[in-house]
Amino acid sequence: QVQLVESGGGLVQAGGSLRLSCAASGSIYTMGWYRQALGKQREVVALITRGGLTTYADSVKGRFTISRDNGKNTVFLQMNSLKAEDTALYSCYARTFDGSSDYWGQGTQVTVSS
């Protein structure tokens, strides 16, 4: 069982920045972030493999950057030029090397005021 511990959410004005962090208790292949706004379905924000391959939602390309520290099993999401529509509960995600198990963090709230 892998535990994910998130930090870094909060309230920020439009145009501002936030950095999310998520530490996993074990070695993980893919890590990333999903988000869910009120009344909407959960959507992928960004993913990164252990080798550094990244995937971004079109809505965040050029504004968000995902990175990871494999030695510390930690993933980061640098969010710049935040918009009101980025307001959501952001959840850390992790998938094991064999793809057999997915794990989720409890979520951290990001609120962007316009």
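The values are calculated or read from the model by the stated rules, or taken from the named source; none is laboratory data. None of these values were measured; they are calculated from a predicted model. Every residue, glycine as well, gets a Cβ built from its backbone with ideal geometry; the counts of neighbours run over all protein chains shown. These accessible areas exclude ligands, DNA and RNA; they are computed on the full protein's heavy atoms, side chains included. Shrake-Rupley method; radii C 1.70, N 1.55, O 1.52, S 1.80 Å.
Here is how the numbers come out for the structure above:
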quantity	calculated
Residue identified as among the β-branched types (Val, Ile, Thr), farther than 16 Å from Ala24 by Cβ and either surrounded by 11 or more Cβ atoms within 10 Å (Cβ to Cβ) or out of contact with any Asp or Glu (no Cβ under 7 Å at 6 or more places or on another chain) (or both) among Thr74, Thr108, Thr55	Thr55
Condition met for Ser114 (modelled with pLDDT under 95 and under 26 Å from Leu11 (Cβ atoms))	yes
Criterion violated by Asn80 - all others in (1) farther than 20 Å from Val2 by Cβ; (2) open to solvent by 60 Å² or more (accessible area, probe 1.4 Å) satisfied	(2)
Matching residues in segment 52-104 - criterion: being out of contact with any strand residue (DSSP E or B) (no Cβ under 8 Å at 6 or more places or on another chain), of a type in the set (Gly, Ala, Ser) and at pLDDT below 95	Gly71, Gly99, Ser100
Residue list for segment 1-42, filter: in contact (Cβ under 8 Å) with a residue 60 or more places away in the chain, over 16 Å from the mean Cα position of the chain (by Cα) and open to solvent by less than 90 Å² (accessible area, probe 1.4 Å)	Val2, Val12, Ala14, Gly15, Gly16, Ser27
Residue match in segment 76-96 (condition: in contact with a helix residue (DSSP H, G or I) (Cβ under 8 Å, 6 or more places away or on another chain) and of a type in the set (Ser, Thr, Tyr))	no
